[in-house]
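Trainee: Got a structure for you, questions after.
The values are calculated or read from the model by the stated rules, or taken from the named source; none is laboratory data. Treat the numbers as computed from the prediction; the structure is a model and nothing was measured. FYI the Cβ positions are ideal-geometry reconstructions off the backbone, even for glycines, and counts take in every protein chain you see.
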Number of protein chains: 2
Amino acid sequence: MDIYSYITGFVDGEGCFSVSFSRRQKMNFGIEVRPSFSVSQHKRNYEVITFLGKHFDCGGIRFSRNDQNYKFEVRNLTKIISNIIPHFEKFQLLTSKKNDFLLFREICFLMKRNLHVSKDGLIKIIDLAYKMNESGKRKYTKDELLKYVVR
Amino acid sequence: MDIYSYITGFVDGEGCFSVSFSRRQKMNFGIEVRPSFSVSQHKRNYEVITFLGKHFDCGGIRFSRNDQNYKFEVRNLTKIISNIIPHFEKFQLLTSKKNDFLLFREICFLMKRNLHVSKDGLIKIIDLAYKMNESGKRKYTKDELLKYVVR
């Protein structure tokens, strides 16, 4: 078996590329941008979660009592760019998650260029992020966020 | 990418090996044994579902209005044995689903030998099936089913 292709298949089903926003006064415009790559599994599959952590050589693992899941998550932008993105460029997703990944990648590259601290960059990032994960729930609507940026 | 390994990864997350039982008077002991391999996806991922159907060259695709999902499912025992089982013997699952697959395979091979029409065979199959998919819901408890067989 080719483990790289297996991982792409597994992530295509179970993984999540997301970019969330939270209010933090000390950040520009009071908005923190948080990219995240994560995979959750019921505790019975803890081994696969630790395997992903070792394979990608970054991120952390947390247990959620609520749903008895372990979650492998990478939030560090540098690690996302060096360890996560290249994998999915080479071993490409086949579901609609590929579109999420492409938007996620674009946002991470904008952040690497530090564009999220500028008004135009942040607006662009918000715009891209709200095209991702159409079924997901968000704390703020896009308009609410944009109000903080343009006020 | 190796598409065989991708499929194992995808199925490890999203697939389901199951053996269900239903009451049918014309069957021995009034119990029908139904093995099933299936993968469900939201309609936005219809392409992956049709891809699996073509790849495994068997099964059918159904749409569920309730959850807006397409389900690829193989119920035909002969096709399960010829087209599905060999894939997962060669490209092995890494989660607890591997255990479900091994029980599923054992049941399919017992059925191929027509042992599900005998009392001992059916008891064995029920026993194996109730070790699968611990989080799944069943129409009958194991004891309810066994009562039909041994009465």
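Trainee: In segment B:59-73, what count of residues is obtained for those that are closer than 19 Å to A:LEU94 by Cα and either within 16 Å of the chain's Cα centre (by Cα) or hydrophobic (A, V, I, L, M, F, W, C) (or both)?
Mentor: Qualifying residue count, segment B:59-73: 3.
Trainee: Would you mind stating whether B:ARG23 is of a type outside the set (Val, Ile, Thr) and modelled with pLDDT under 95?
Mentor: yes
Trainee: Moving on. If you go through segment B:1-58, how many residues are assigned to a helix (DSSP H, G or I), more than 19 Å from B:LYS90 (Cα to Cα) and within 11 Å of another protein chain (Cβ to nearest Cβ)?
Mentor: Looking only at that region, the number is 8.
Trainee: Is it the case that B:PHE72 is within 14 Å of chain A (Cβ to nearest Cβ), aromatic (Phe, Trp, Tyr) and in contact with an Asp or Glu (Cβ under 9 Å, 6 or more places away or on another chain)?
Mentor: no
Trainee: What about B:PHE63, is it touching a residue at least 12 places away in the same chain (Cβ under 8 Å), among the aromatic types (Phe, Trp, Tyr) and either assigned to a loop (DSSP other than H, G, I, E, B) or farther than 22 Å from A:PHE10 by Cβ (or both)?
Mentor: Yes.
Trainee: In the list B:LEU103, B:LEU93, B:LEU128, which residue meets the criterion of being within 14 Å of chain A (Cβ to nearest Cβ) and of a type outside the set (S, T, N, Q)?
Mentor: B:LEU93
Trainee: For segment A:75-105, how many residues meet the condition of being among the acidic types (Asp, Glu) and outside any helix (DSSP H, G or I)?
Mentor: 0
Trainee: Continuing with this model, one more query. Name the one entry in A:SER22, A:SER40, A:SER64 that is exposed (fewer than 14 other Cβ atoms within 10 Å of the Cβ), touching a strand residue (DSSP E or B) at 6+ places or on another chain (Cβ under 7 Å) and more than 19 Å from A:HIS116 (Cα to Cα).
Mentor: A:SER64
Trainee: Ok, one more. Any idea which of (1) in contact (Cβ under 8 Å) with a residue 40 or more places away in the chain; (2) within 14 Å of another protein chain (Cβ to nearest Cβ); (3) surrounded by 15 or more Cβ atoms within 10 Å (Cβ to Cβ) is the one B:MET111 doesn't satisfy?
Mentor: Against the list (1) in contact (Cβ under 8 Å) with a residue 40 or more places away in the chain; (2) within 14 Å of another protein chain (Cβ to nearest Cβ); (3) surrounded by 15 or more Cβ atoms within 10 Å (Cβ to Cβ), B:MET111 comes up short only on (2).
Trainee: Another question, if that's okay. Going by the structure shown, is B:ARG151 crowded, with 18+ Cβ neighbours inside 10 Å and of a type outside the set (Phe, Trp, Tyr)?
Mentor: no
Trainee: Here are the criteria: (1) more than 28 Å from B:VAL48 (Cβ to Cβ); (2) in a loop (DSSP other than H, G, I, E, B); (3) modelled with pLDDT of 95 or more. Tell me which single one A:ILE125 does not satisfy.
Mentor: (2)
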